[in-house]
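This report concerns only the one structure given below.
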Amino acid sequence: MPAAKGAGAPTGGGRRGRRPRVGARTRRRVLPWALLAPGLAVIGLLLLFPIGRVVWLSVQDYGLDNVVSGRSDFIGLDNYARLLGDRYLWTVALPNTAVFAVVAVAGTVAFGTLVALLLNTLGRFARTAVLACIMVAWAMPAVSGTYVWVWIFDVDDGLVRRLLQTAGLLGPEGYNWFADRTAFYAIAALNVIHHGFPFVAVTVLAGLMTIPRELHESALLDGAGAWQRFRNVTVPTIRPVFAVVTILSTIWDFKVFAQVYLMPGGSGGNRDVLNLGVWSYVRSFANQSYGLGSAIAVLLTLMLLAITVVYLRTLFRDEELR
């Protein structure tokens, strides 16, 4: 009997010893969610509720009279059918949004990469000075930056007009850059590239500084030129960095608003230059068609969600992040 009691003691002790381990494991699983709960609640209140409200408005015929009366006129998917059947969406708003995003992202990533390559060759003092200068462009609010570019291309007394007239390339009648669709978005692209390239430059520079020096030295000994070293050594090594800055820039440039809305004609005066974000705002608040404006916003959100999915899949792709 004593032997049996002694034999049973470790078993009971083992069971009693497992319970704290199970409790600790449960606490380790619950604790992160408990810590995140306040932040998630705030996000749910400030983000999910407005999104749900916009989706609800998009399935209603909601105008100024509804705002006054508080009455809702549910029409289902009629706003979406009207939107997708609108020729303006396919010929103006969507091309303006997509083509502008492609040009702006390409310019931002290319120019930011060139600046990063330059910074990587500078000494510590010179690099710090250049970084301080380019961060001014990043810190400048989009509103202030847009007004600077509007001043540069001002129709009556802009810097570009003065330079072109001095060089004899422009007559005294001048030229309205903001009335032409291509020129309008060229100025907007310059604005966005100027504001966004510091982020790309700093991020790519951080990636460049992780590349082992031996890789470039070996390629140099093999007779590889600067372009060959960049294409065959730099790009494959920091490809995840390029993927991140490209997709983030795409998300930001797809939903550009201030850089378009604040330029002459961009607030609705020139319908040829509206993108999806500005068109949604104009339909909602200038035309008091909140239901259709919300449907445009939902369409833009779905496009951004698709881009975000691509971003997340790229970010968590094991083959590229290892």
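The values are calculated or read from the model by the stated rules, or taken from the named source; none is laboratory data. As the structure is a computational prediction, the values presented were derived from the model and not from experiment. Ideal geometry is used to build each Cβ from the backbone, glycine not excepted, and the neighbour counts take in all protein chains shown. Accessible surface is based on the protein model in full, side chains and every heavy atom, while ligands, DNA and RNA are left aside. Shrake-Rupley method; radii C 1.70, N 1.55, O 1.52, S 1.80 Å.
Laid out as a table, the results:
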read-out	value
Members of region 135-159 found to be at pLDDT 90 or above and either touching a Ser or Thr at 6+ places or on another chain (Cβ under 9 Å) or closer than 20 Å to Leu208 by Cα (or both), listed by number	none
Of the criteria (1) closer than 25 Å to Ile134 by Cβ; (2) open to solvent by 60 Å² or more (accessible area, probe 1.4 Å); (3) of a type outside the set (Val, Ile, Thr), which one Asp222 fails	(1)
Enumerated helices (runs of 4 or more DSSP H) restricted to region 35-149, each holding at least 2 residues that are under 30 Å from Val204 (Cα atoms)	94-121, 124-139
Search result, residues across region 107-158 that are open to solvent by less than 40 Å² (accessible area, probe 1.4 Å) and touching an Asp or Glu at 6+ places or on another chain (Cβ under 9 Å)	Thr108
Of all residues in region 157-188 being among the polar types (S, T, N, Q) and free of Cβ contacts under 8 Å to residues at least 12 places away in the same chain, the one that is nearest to Gly265 (Cα to Cα)	Thr182
Of residues in region 209-219 being of a type outside the set (Lys, Arg) and under 24 Å from Arg127 (Cα atoms), the one surrounded by the most Cβ atoms within 10 Å (Cβ to Cβ)	His216
Helices (runs of 4 or more DSSP H) lying entirely in region 236-322 (those with 1 or more residues that are among the basic types (Lys, Arg))	239-254, 290-315
Test for Phe199: is it within 30 Å of Val92 (Cβ to Cβ) and not in a helix (DSSP H, G or I)	no
